[in-house]
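What follows is calculated from the coordinates using simple rules that are stated; it is not laboratory data. Owing to the predicted nature of the structure, the values given are computational and were not obtained by experimental measurement. Please note: Cβ atoms are built from the backbone with ideal geometry, for glycine as well, and neighbour counts cover all protein chains shown.
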Amino acid sequence: MNSPLIAQLFSLVERKHPRSLQGILEARAQNPEEFERIAHIYLTWCVGALGQSGISESAAAFANFCSDVNLAQGRYELSGAYEHKSFDECRSSVYDNTATMTDYLWGVYLSNFLWAHHLDLLRFFEQRFLSRLTNSVHLVEVAPGHGGWGLWALSQLTEARLTGFDVSATSIKIAGSIARAAGLADRAEYQLQDASLLSKRPSPQAQACICSFLVEHLENPSELLKGMAHALEPGGLAFFTGALTAAQVDHIYEFKTESELYVLAENAGFRVLESRSVAPGRLLQNASYLPRSMALILQKKTHALW
């Protein structure tokens, strides 16, 4: 490993969080050069945002996140249903709880490249979505969370601007800190607003939209897709991801098939240009459900019929 930050992360995980090590090794083995490139940038931003303890803090958060996901998936296997049914339940226990949300977001941040199937989606995002955008595009990010997806876009598109909407004050704070660490704060603006109500805002008419792993957190997913379409000018592009039969403490809408996400997008006025569905290489023993992460590249329709 050429990056000392990656070497530090591996050393910490091996010593303090060994149960997480195998999954990280699988992510690196998928494409060592790409893993090194992406992980080094993400970890550099992490240390810039958190300071010298950044690798240790985020590694612990990632280990906690992995453990929580496995426990939630195990309970889902036993019950056949997600634990929570309402957004308000999750909002009070997760999104409005600063300590819980901070740990959660840094764990998710590292999962972007430390889970092999999520690294696959990040590369799909870069190679198949960002490559379609102009360098000076105006992006709207719906529920940026830690901000890593939108900031990755800004790091590649050097004249692009981003406006992000999130219901969590902790998300706004962390995304802003990473933007400053990445030297991108002058082109990224984050607003504390309920992104699911985007369709009721005056339309910003952006050229592109990013929405990563929000749809399964909502009671009425169709409103989210309508809001994304509302935010875009005709012909605008969107990168949209969702989780299928993949339980987490704040997942409330259970998608079972990839076609469900297609239908949501099409009913909201999008055409699906490309999609990719990925799954972890290792499952719980005797698993009945295959947890998947799916990404769709969408285009807002310009005519009633294509």
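Brief remarks on what is shown
- Beta bridges per DSSP, both residues in the chain: antiparallel share near 45 percent.
- Averaging the Cα positions of each part gives two centres, and for the stretch 96-150 and the stretch 1-33 these lie 20 Å apart.
- For L218, nonlocal amide neighbours, meaning residues 5 or more places apart or on other chains whose placed amide H falls under 5 Å from its own, are I252, Y253.
- Over the residues of the chain, the helix contribution to mean residue ellipticity at 222 nm works out to -14500 deg cm²/dmol, using -39500 (n - 2.57) for each DSSP H run of at least 4.
- Partner lysines for K226 [C-alpha distance under 20 Å; skip if fewer than 8 residues away on the same chain]: K200, K300, K301
- Remark: the stretch 195-268 is approximated by an ellipsoid whose semi-axes, taken from the C-alpha gyration tensor as √(5λ), come to 22, 13, 10 Å, largest first.
- Long-range amide H partners of V167 with built H, under 5 Å: Q193, A195
- Amide hydrogen neighbours beyond the local backbone of V140, cut-off 5 Å, H modeled: T163, A208, C209, I210
- Between the stretch 170-203 and the stretch 208-244, the Cα center-to-center distance that results, in Å: 16 Å
- Gyration tensor analysis over the Cα atoms of the chain returns equivalent ellipsoid semi-axes of 28, 23, 19 Å (largest first, whole Å).
- Using θ = phi - 60° in the Karplus curve 6.51 cos²θ - 1.76 cosθ + 1.60, the 3J(HN,Hα) couplings for the stretch 205-212 round to 6, 6, 8, 8, 9, 10, 9, 10 Hz; x is entered for Gly and Pro.
- Available extension along the chain between E266 and Q30 is 81.7 nm, counting 0.36 nm per residue and deducting the alpha carbon span.
- Separation of the Q52 and E258 label points, Cα + 7 Å toward Cβ, nm: 4.8 nm
- Residue-by-residue Karplus 3J(HN,Hα) for the stretch 3-13, coefficients 6.51, -1.76, 1.60, Hz, glycine and proline x: 8, x, 5, 5, 4, 5, 4, 4, 5, 5, 5
- GNM top mover of H17, H117, H230 - the chain, alpha-carbon springs below 10 Å: H17
- Working note: Karplus 6.51/-1.76/1.60 with θ = phi - 60° gives the stretch 222-238 the couplings 4, 5, 5, 5, 5, x, 4, 5, 4, 6, 9, 6, x, x, x, 10, 9 Hz, where Gly and Pro are set to x.
- Set of aspartates and glutamates near K16 by C-alpha distance (under 18 Å), chain-local residues within fewer than 8 positions excluded: E57, D68, D103
- Backbone N atoms of the stretch 209-250 closer than 19 Å to the 7 Å Cα→Cβ label point of T134 belong to residues 209-210, 231-239.
- By average C-beta atoms within 10 angstrom, highest first, the peptides 244-250, 296-302, 187-193, 211-217: 211-217, 244-250, 296-302, 187-193
- Each of V47, V140, V108, V263 was scored by other Cβ atoms within 10 Å of its Cβ. Listed from fewest to most, they are V263, V47, V108, V140.
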